[in-house]
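S.K.: First, the structure itself, so that you have it in front of you.
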């Protein structure tokens, strides 16, 4: 059998991971009271086509723009890896104001994906939460109500114990504790070189070069007093050309998100550098870096993106891929 045919078969086998499905364990139809901005966390379990839990799957919780909720630090997306029992939780969810919240959930594992939506309702007062519980059928409905003021408490369909916040200064105190968010877009090009070597004696190595555009957005969340600073990235790769061996095949487009990257230096000189960052949408990993300087309400800096990976496929082939680039980016508050 020809080496290139072997390579094609190996890549096809590697891409055919198990079909996935998402089971919602907590958070669906929850009612959250907004006094202290906590909420019932979404908890899901990822299962394969045999209904077995999938460990190590990447799960992304996304709250759409304009919706009255956020994760810790004001983040709208949160990426979690499933535990040994296949579960992932969207911890740190906060109810910001009254309204409907829809949390999109996407699970990815070995090239397979599954999606679902978790719906919740935020209300302003404890009495409104109790009325919502009654209207939904009480304790028998499975409805969960966040008991704000009681750490981690949730009461299903009954009275809710709430610690009230008095005075009009609460809103001012809340505003003072909000993080500063800087965001901007970037674009550039990158060349990935991929070399496949085969264990079969006499087999010829296969080398491919893929030229792709790199574009996306970078968001820095700087906590009050420059504390708890983090970065979120959305990166899209679009192939322009493919060269090398005749067996090299186009890869098309690829989108990856990176969330909760630790940022040092605060707003004045933020920076981060991460090697082998896990990413949603791909089984590879990336090297990420950023260094910038604040002037007025704009952070100007350089964003670096690349990868350097080595993967063994069923002990018959080794694939090494590398490529990197850097781009200027301006982040505005």
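The values are calculated or read from the model by the stated rules, or taken from the named source; none is laboratory data. These numbers were taken from a predicted model, which means no experiment stands behind them. Cβ sites come from the backbone with ideal geometry, for glycine too, and all protein chains shown count toward neighbours.
S.K.: So which of 84, 55 ends up being modelled with pLDDT of 90 or more and part of a loop (DSSP other than H, G, I, E, B)?
M.R.: On the way: 84 fails: modelled with pLDDT of 90 or more.
Going through 84, 55 in turn, the sole match is 55.
S.K.: In the range 269-283, which residues are modelled with pLDDT of 75 or more and either assigned to a strand (DSSP E or B) or assigned by TED's automatic domain parsing to the domain that holds residue 55 (or both)?
M.R.: Filtering the range 269-283 down to residues modelled with pLDDT of 75 or more leaves 269-275.
271, 272, 273, 274, 275 - these are the residues of the range 269-283 that are modelled with pLDDT of 75 or more and either assigned to a strand (DSSP E or B) or assigned by TED's automatic domain parsing to the domain that holds residue 55 (or both).
S.K.: Can you tell me which residue is modelled with the lowest pLDDT among those in the range 239-254 that are in a strand (DSSP E or B) and surrounded by fewer than 15 Cβ atoms within 10 Å (Cβ to Cβ)? Don't jump to the end; show me each part of the working.
M.R.: In the first step, residues of the range 239-254 are kept if they are in a strand (DSSP E or B); the result is 239-244, 253-254.
Still in the running and surrounded by fewer than 15 Cβ atoms within 10 Å (Cβ to Cβ): 240-241, 243-244, 253.
On the way: 240: 91, 241: 92, 243: 90, 244: 89, 253: 82.
Within the range 239-254, the match that is modelled with the lowest pLDDT is 253.
S.K.: Determine, yes or no, whether residue 266 is under 25 Å from the mean Cα position of the chain (by Cα) and in a strand (DSSP E or B). It would help to see each step written out before you state the result.
M.R.: Details: under 25 Å from the mean Cα position of the chain (by Cα): yes; in a strand (DSSP E or B): no.
So residue 266 fails the test.
S.K.: Do we have any residue at all in the range 29-49 that's assigned to a strand (DSSP E or B), modelled with pLDDT of 90 or more and surrounded by fewer than 16 Cβ atoms within 10 Å (Cβ to Cβ)?
M.R.: no
S.K.: Give me the residue from the range 177-191 that is outside any strand (DSSP E or B) and surrounded by fewer than 16 Cβ atoms within 10 Å (Cβ to Cβ) and, out of that set, modelled with the lowest pLDDT.
M.R.: In this case the residue turns out to be 177.
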